[in-house]
Each structure stands twice: as structure tokens, then as C-alpha cells.
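Have a look at the structure below, then the notes.
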Amino acid sequence: MIDKLLQNLNEEQYEAVTFDQGPLLLVAGVGTGKTTVITRRIAYLIAEKKARPAEILALTFTEKAAAEMEERVDILVPYGYIDAQISTFHSFCDRLLRENALLISLTPDFRILTEPEQVIFFKDHLFDLPLKSLRPLGNPISNLRAILTLFSRAKDEDITPQEYRAYVEQLQKRIKTDSNDEALAAEFMLQDELADVYAKYQQLLLEKGFVDFGDLITLALRLLRDHPAILARYQRQFRYILVDEFQDTNYAQFELLKLLAGHHNLAVAGDDDQSIYKFRGAAISNILHFQRQFPDAKLIVLKINYRSTQEILDSSYRLIQNNNPDRLEVRSGIEKRLIAVSTDVKSINYRSFETLSDEADFVAEKIATIMKEKGCSYRDFAVLVRSNIQADPFLRAMNLRHIPWRFSGSRGLYDRWEIQTAISFLRLMADPRDNLSLHFLAGSPIYQLESEALALLTSYSRRTNKTLLQVFRIAAQTEGFLSISREEREKIKKIADDISAMMPTSRDETTGSLLYEYLMVRTEYLKSLSCSQKRDDLQAMQNLAKLFALIERFKEIAKYDRVPWFIDYLNALIEAGDNPAVGEADWDEDAVSLLTIHQAKGLEFTHVFLVGLVSGRFPSRHRRDPLSLPDELIKDILPTADFHQQEERRLFYVAMTRAKKSLYLTSALDYGGKRPRKPSLFICEAVDIPIATIKTAKRSPLATLKDHQIRPEKPLIDEHIISEAKRLNLSYRQIDDYLTCPLKYHYIHREKIPIRQHHTVIYGAAIHRAIRWYNINLLSQRHIPLEDLQKIFKQNWRAEGFLTREHEEMRFQEGLCALACFYEYQGKNSKIPHLVERRFSVIEKNNRIIGHFDRIDQSDEGGIIIDYKTSEIKDSAQADRRTKESRQLGIYALAYQRIFNQLPQRIELHFLTPQIIIGQFVPTEKRLEQILIDIEYVATGIRNGQFDPDPEYLACTYCAYRGICPYPYKDKE
DNA sequence: GTGAATCCGATTTTT
DNA sequence: TCGGATTCAC
């Protein structure tokens, strides 16, 4: 049996498998059979009776890798079972903690919070945490994710709240010696706040019996450090420890390994050139400095590659050497140039294209050709992208040629229409007044109510102040109601009946059974999906299955599983930014894989296409975390050179080495942006092409054309429509909403679907009223006391939409304070306004632009248009910028120009935050021209009934109609 | 050659 | 919204 274990091993592999005692660093390049070595080593240790299975601990990162390793060991070791511990770091620590929870005053039934649950937890305790500047009352949750990411990174680095606090005290000392350093002072304020919040957050977690993923590691560390007897016990138990993908370990994980492996029987396997998880804490220094930690470590290098051609190996090697000297080869003085077993030649091609669609066409075309010539299967192909968003054009090109593909990258489960349909139904069950959801449900594929009938009902509901559901019920019973056709009325009746029939069930049944009853029995929707052969329908089925799984998870933690509470839970998840991946149609089907490089790690394909290789995309632009750990706290040894570029280069290395036989590198000049793109630096590094021969781009004809195109093609105005809709009234709001997204405009201004008021709107309105009243009095030179001003504010206050009672109270106080600041400022600058709260209306090419000025002051050089804002602002530079870019003030300036026949002297935004920060801008003719173009674009679009979705960047994320928008969530590329 | 204005384009993911 | 890269103005 031992012979079998040692069969077909090369010299180095043999050495690693049979290596006896002490620390071992197995440097295993790509495709050198690393996992084979680890699994055979485990089997060998058992077979040779060097260790009992229970004495072996093997650690990996993902459940998938652990399961695979376990399976391979199972096959090698002919016992019915083995009790070697093969698991992920986290599940190992989980077990450690549950066995010894009480020792570190942790409840043994602690629950692990997933990321969205962490966000929910943080939000629930938002006002219990000592947050100050990081919790602006206008948007208290704005920094939440950044803070949690920071804490998670802190745990990667094994930084306790106490250590964080100690660091802040260091900072404070430094301030005392150098009291003029403003940046340092600001840094101290921020870090001081973070240290407090960190400590309190950990305390709250502990109190409630929660831990997060990072805690699993750090708490396990604490357990072992504080309890030598426990540590000794585990050291005795795990006589052999093996770690896979060692380059992905973080600082804390290595600390854990060092403790456990007190006896030095620690074998780690990895490849520094494949370290691509820096952003989640991986410390490449662990592998680079392993020998520093274990000077007597045996070093074995696997160099024989069983995957790729020599050309691919040589090219990727050329590339990766640009990371020197931050590489193991240099640091440890070893040689790890890979040697191919394959004798194939000519395997790398680089192609550059004019446009992205040419590039995508080429890839699809090439796949088709190779398929024909070589007779392989689709699953032999992979298209690798740097980021998920780049996948789209390639998927479309493959669709055109009927090439099957699978792409697992897509998030956005909640934005799928089948999920929205199901959720709309549940929301309606939880609240029959939820017009938005009924509106969506009626238009969904289940009922397919025509949009005209739906619009009529919606408008009737608004006019009569009845809920949409009430109106549906009336319409169902009244023949000829609103002249709706008989056919549509049947649909309406069906909807009303279904809802009425499901209501009692929703009281008595759990969320899962209610939804099942509705989708399966009542509407037979699930049935129709499962009978369908269409790919989309099958996927819809999978997605719904995912929703049911989510409902299951809720059932586990909820005290009482009924729809309204599930809706609360779901809302919290969505608000926390949770949006799981959509389901896969079928994993077994023969299809081309489209993957991000991160997802492709560890996989191999005969033919690989590495696409989108232009600077800015790959290497991607470096972006810092919004809150990052202070360098002084980072225990990982920071490298010397441009770290981001090194990491991207390793990523490129990983990508190249996925290919067995052929590798295509492609790029294009035109990716839809205005400027042509330069080919990636990595292409030159990998392939021996002199830079000069790569076309460094004159502008492509398309790009040049696009420069002259200010907006997407202007639709021609239909004569008939223009005569009918003679004059268009446009307010600033309408213009802004249309530009944000035409469909949003449609929802707000045409369908007038009401939405719940946001707390910032309530706050802003109350402040505005108070200030308006003040200004009106000022205009007639009446001075009023501050108390009266604040009284107006109070009268206009409504307790709606605030996160908690506490939030509302703090915000209310902030409002009073803001008004006091305003009052004081006015006292000092006792200018009498020229006019206050004046409505205007100007005609511009058959469009009537309407609005009102908050206030205009008169100076010697002209008018000053003033508008008041309550949004957050950093400093006056940002305020100036906002003023300059303000579409609203631009429109006001235009109106001013038309009314007074001259430009205003300047425009001002007064931000009450609550101190007063004033942004100023002097409007120019050029700015007015831009505004006119915008107005014209909006007017034309509205006249032509053009309401297809076209969201501005990030518009969907904040859109109140996101839950009902039938178009998949997508921000403008 | 340098500072200011303007213009683009917008990650990766596991436990 | 935000920051960097490019272009513009001098």
C-alpha cells in the first residue's frame, strides 16, 4: 500500500511526502501537484504509523478545498473512516472555541454573524456605540461598512481593542510634542473614536453571544495564549500540522499555527507568486519570512509542471520576475523556474482590436473555430476577466454564436424579476396598503396586466385616496370601470381574488409555506417555470430556490416566523447591502466558463482567453479602503515597492498559468470611454513584444465620433405629439429626476407612485420653513428672536423615517443648533435680502422652466442667488465644488439671466451642517449652455415618451423604486 | 514647465 | 460621489 502511495512521484514530491520531522516549507509552483503531495503525505503518515489519524491537522481556506482534500485522503487510506481533522481555519477555530468557550467567558452556543448580519447588528446598536463624526445624523449608517471592514482587518492583524487604544495614546503623546500639526490632530480624533467604537463593539458582541469571522481566529488565539494547559493539550494532540495555500494566511492565522506547532511539525505549502488576497488580509510576508520564523525548516521546491507548455511557463516567469526582490526566489535564494512536462509549442497569442465588441467577437469566433478543428468540448475553454462587470460583452458575443456559457460572478439576486415578484407578494401580505408592491405584482409575468389599465387604476387610487388594492377590488366588481376592457378586468379580478384568498393563510402559516402555497398551488407559477425548457426559466427556478433557502435561515433565528417579520429581516438584509449571487442554470452542462481570475485560482483549462488587458482595467486602479489601518498597527511586514502593482502582477501570473495548451491575450483600444486605452504593461512583460510594435493608439474613429456626440442620439420629435403637448412645464426636480434616470422620472412624475419620506427630507423641509420665515421677516426688517425661529422648526417637524427614537431626538437637537448658527451668522452679516422665496417661470424654446429662489441678495455688482442645504459637507472647497456643479443653481442662474437680462454676480449654497459653510460660484455663459443642453435633452425625451431606464452612476443604489424596477439592477458603465 | 481646470470612470471575496 | 490623470492656460 505504501508503494502505491509513493507511485508516480517525482524526486521532490517523494521527498516532501516522506519528510519526517520538523518544519517544512514546500514551495509548490503552479501545476506541480501540491495537493497530491499534501494528501499523499497525510496518507503516508497514517500508513507508516508515524501518526494516528486523530493526530493530524490539515488546514485550508475554503470549505470546498477542505472537502476535496478529505475526499482524496479517504480514497488513499483504506479505512472505512479516518478521524484526521481536515478543515478550514475558521471551522477548526469554531470547534476549538466551542470546546472551551467558558474559559474565555464566551457562551458555548455563540452564533457566527455573516457579513450582512454584522451590518444589521451594528445598525441595531448604532446609538449604543460611541460614534461621533463617523455617524453623521443625516446619514448615520454611511460609514458603517467601512468601520466593519476596518475591524475585520484589525482582527486579521491580531490587533485587540486594547492594542488599538494603546496606539491612540501614542498618537496623543505625539500631539503634545508637536501641537501645531493639524493633520496629526485630525488623525488622533478619528483614531480615538475608532478605538472607542472597536472596544464597545466587541463588548456588545460578547454580551449578545455573537462572534464574527475574524473573532474566530483571534479568540482562539486568546484561548491558547491565556491557557497554557489547553495549548499543551492541543499541541500533544496534533502532532502533525499541514497547511495548504500558505501564502493566503493572514498574520493572526500564522500566529495560531506557531502556537499549535510548538513541536515544530508544521508543514506549509504555498507559492508566493500566487498570493492574490491582500485585500482580505493575506500576509505574503508569512511565506517570505517562514524561514526566519523556523530557521531549521526544510525547504523543498516543486518545479515540474504537469499542466502548461514551456512557452506559457517561460512567459509567466518573465512577467513575475518584475516583482523582484519581493519574491521568495530572491529572499531565500532559491530557483523555482518551472519545467514543463508537455512538449507542445506555440501556445501564446496576443491580439489587439479596435473596439471591445471586436475583441469579444474574436473570442467567440475563436472558440467556435477551435471547437471545429480540434473537436474538444466547451468546458475546455475559459474566458478570464479582471472584474465581473467586464464579462457582459463576451457573454453577448457567445450568445450570438449559440455558444453555451456559465458565469457565476453575478450578484443581484434581489433584483431579479422573479425574486421581486415573490417579494412583492410577501410585502403585500405584510401590508395590504403597499401600493408599490401590488403595482409590481400586477405587471409581473404571473398576471401581465396591461400598463394602461394599471396606470388608470393607480391614478384613480391617488385621486380618491384609496389604496391600490381597494381600487382593484372595486374594478373587479364593476363592469366598465374606467373603461377597462373585459379581458383586463378578468386579470384584475384574479389578482384581487388571489390576494384575498392568501390573506388568511398569511396569518396562520409560516413564510415559506405561504409563499409556496401562492407560487405553486394558487398561481401555478412554479409549475410553469419547472415545465419550461428555457434557460431563463430554469434560472428563475433556481433563484426562487435561493429565496426559499433564505426564508429557511430566517426561520432558524426568528422567534416567530410570519411574513411581516420576515419582511423586516429582508429589509434589513437589503439595507445592509446584501445581494447574493444569482443561481446557476446547470453546473454539469458542457459550457465555456467565464470567471474572474480570483474565481479561477486553482482551476485549469485547455484554452484560456485573458481579455480586457488595458491599463486601468488590468492592472486595475488602486483604491484605498475608506478607513484603513494605521501603518504602525500593521504587523505584517510591508514590502518596499508598489504593492498594488505587484499584487496585480501576481494576479496576471495566476491568470496565465490557468492555461494548458493555448493562451490568448487580448486588448482593444476603445472600451466605450472617450479616450483610447493603452495595452496593459503586463503584456510587454509577459510576451516578448517591443513596446513600440504595440499600437499605442491614435484615436479610433469611433472614439472620435463619440466626442462630437453630446448625448445619445436625439430622437426626432413627432409632429403630432408636439402639437398636442404644446408647452412643457419643467421644474428643477423634474429635470433632475429625468437625468438621474428616465424611468425614475416616470415613476415619480407620471405614475406618481408614492414612496415613504426619507428622514433627511423631513429635516430639510423643517429647516427650510424656519429659514424662509426668518428671511421673510428680515425682508420687512422685522427682527425675531431665535426662539421663534426654533418654534417654526418644531411645528414643521414630523417623526417619520428616523432610524430610532434616539436618532430622531439627536437630529432634532442638531436642527435647533443649526438654526442657532444660522441666527448668529445672520446677526453678524445683517444684509437685507433683495427678495425671498420668489417663484419664477421662464420660457425656453417652448419649455416653461419653473421654480423658486430661496433668497436673492443684491450687491453692487449684481444679484447673489442663495439656496439653503442641509446635506453633509466636508469643507468649503467641497462646498464650492458642489455649488459649481449644482444643477439646481445652474437652472436658477439661467432663470435669473432671462429675467434680469444679466448673469447673477454669483450663486451660493449655504450648508447648515450645523455650522454654516458657504459654497460660492460665479456662473458663466458656458455653464448656462450646459444647462440648456440638459433641459433640451429632458424636454425632448419627455415629449417623445422616452422613459427607458438609463441610470446615472450609482443612481440605482439609492433609488427608492429599486424594489419594483423591472430592469435588472445596473449602474451605468 | 507648472498649476489649475476638466474629464473620466469606478475591484477582487471567503469564512 | 471622488480622486487621479490628462489637458489647458500661462
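The values are calculated or read from the model by the stated rules, or taken from the named source; none is laboratory data. This one's a predicted model, so the numbers in the text were calculated from it and none came from an experiment. In this analysis, Cβ positions are derived from the backbone assuming ideal geometry, glycine residues included, and neighbour counts consider all displayed protein chains.
The table for this structure:
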read-out: Among residues of segment A:223-259, those that are assigned to a helix (DSSP H, G or I) and hydroxyl-bearing (Ser, Thr, Tyr), counted; value: 2
read-out: For residue A:875: the one exception among (1) under 33 Å from the mean Cα position of the chain (by Cα); (2) more than 16 Å from DNA strand C (Cβ to nearest atom); (3) surrounded by fewer than 18 Cβ atoms within 10 Å (Cβ to Cβ); value: (2)
read-out: Filtered residues of segment A:387-433 (kept if under 30 Å from residue A:473 (Cα atoms) and within 16 Å of DNA strand B (Cβ to nearest atom)); value: A:415
read-out: Residue tally, condition of a type in the set (A, V, I, L, M) and either surrounded by fewer than 18 Cβ atoms within 10 Å (Cβ to Cβ) or in contact with a Lys or Arg (Cβ under 8 Å, 6 or more places away or on another chain) (or both), over segment A:767-799; value: 6
read-out: Pair list, Cβ under 8 Å, 6 or more apart: segment A:51-69 residue in a loop (DSSP other than H, G, I, E, B) and surrounded by 14 or more Cβ atoms within 10 Å (Cβ to Cβ), other residue modelled with pLDDT of 90 or more and among the aromatic types (Phe, Trp, Tyr); value: A:51/A:240; A:61/A:89
read-out: Per-region count, segment A:119-167, residues out of contact with any Asp or Glu (no Cβ under 9 Å at 6 or more places or on another chain), assigned to a loop (DSSP other than H, G, I, E, B) and within 30 Å of residue A:283 (Cα to Cα); value: 3
read-out: Check on residue A:653, of a type in the set (Ser, Thr, Tyr) and modelled with pLDDT of 90 or more; value: yes
read-out: So residue A:806, is it surrounded by 15 or more Cβ atoms within 10 Å (Cβ to Cβ) and of a type in the set (Asp, Glu); value: no
read-out: Residue check for residue A:677: in contact with a Gly (Cβ under 8 Å, 6 or more places away or on another chain) and either part of a helix (DSSP H, G or I) or within 29 Å of residue A:278 (Cα to Cα) (or both); value: yes
read-out: Residue count for segment A:150-171, restricted to those that are more than 16 Å from DNA strand B (Cβ to nearest atom) and touching a helix residue (DSSP H, G or I) at 6+ places or on another chain (Cβ under 6 Å); value: 7
read-out: Tally of residues being within 16 Å of DNA strand C (Cβ to nearest atom), in contact (Cβ under 8 Å) with a residue 24 or more places away in the chain and either surrounded by fewer than 18 Cβ atoms within 10 Å (Cβ to Cβ) or polar (S, T, N, Q) (or both) across segment A:614-640; value: 6
read-out: Those residues of segment A:70-89 which are assigned to a helix (DSSP H, G or I) and either more than 14 Å from DNA strand B (Cβ to nearest atom) or surrounded by fewer than 20 Cβ atoms within 10 Å (Cβ to Cβ) (or both), in sequence order; value: A:70, A:71, A:72, A:73, A:74, A:75, A:76
read-out: Pick from segment A:718-738, criterion under 24 Å from residue A:458 (Cβ atoms) and aliphatic (A, V, I, L, M), ranking: modelled with the lowest pLDDT; value: A:721
read-out: Residue A:227, sole failed condition from (1) in contact (Cβ under 8 Å) with a residue 60 or more places away in the chain; (2) surrounded by 20 or more Cβ atoms within 10 Å (Cβ to Cβ); value: (2)
read-out: Meets criteria (within 18 Å of residue A:149 (Cβ to Cβ), away from DNA strand B (no atom under 16 Å from the Cβ) and at pLDDT below 95) for residue A:191; value: yes
read-out: Test: residue in segment A:901-908 that is surrounded by fewer than 19 Cβ atoms within 10 Å (Cβ to Cβ), more than 15 Å from DNA strand C (Cβ to nearest atom) and under 22 Å from residue A:846 (Cβ atoms); value: yes
read-out: Matching entry among A:577, A:602, A:616, A:583 (being on the phi > 0 side of the Ramachandran plot and either under 17 Å from the mean Cα position of the chain (by Cα) or away from DNA strand B (no atom under 11 Å from the Cβ) (or both)); value: A:577
read-out: Residue list for segment A:778-802, filter: part of a loop (DSSP other than H, G, I, E, B) and either within 17 Å of residue A:766 (Cβ to Cβ) or free of Cβ contacts under 8 Å to residues at least 40 places away in the same chain (or both); value: A:780, A:782, A:783, A:784, A:785, A:796, A:797, A:798, A:799, A:800, A:801, A:802
read-out: Helices (runs of 4 or more DSSP H) completely within segment A:401-514 that count 3 or more residues being in contact (Cβ under 8 Å) with a residue 60 or more places away in the chain and within 35 Å of the chain's Cα centre (by Cα); value: A:417-430, A:435-443
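Results for (1) at pLDDT 85 or above; (2) closer than 11 Å to residue A:738 by Cβ; (3) away from DNA strand C (no atom under 14 Å from the Cβ); (4) surrounded by fewer than 17 Cβ atoms within 10 Å (Cβ to Cβ), shown as yes or no for each residue.
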{"site": "A:923", "(1), (2), (3), (4)": "yes, no, yes, no"}
{"site": "A:931", "(1), (2), (3), (4)": "yes, no, yes, no"}
{"site": "A:937", "(1), (2), (3), (4)": "yes, yes, yes, no"}
{"site": "A:944", "(1), (2), (3), (4)": "yes, no, yes, yes"}
{"site": "A:952", "(1), (2), (3), (4)": "yes, yes, no, yes"}
{"site": "A:956", "(1), (2), (3), (4)": "no, no, no, no"}
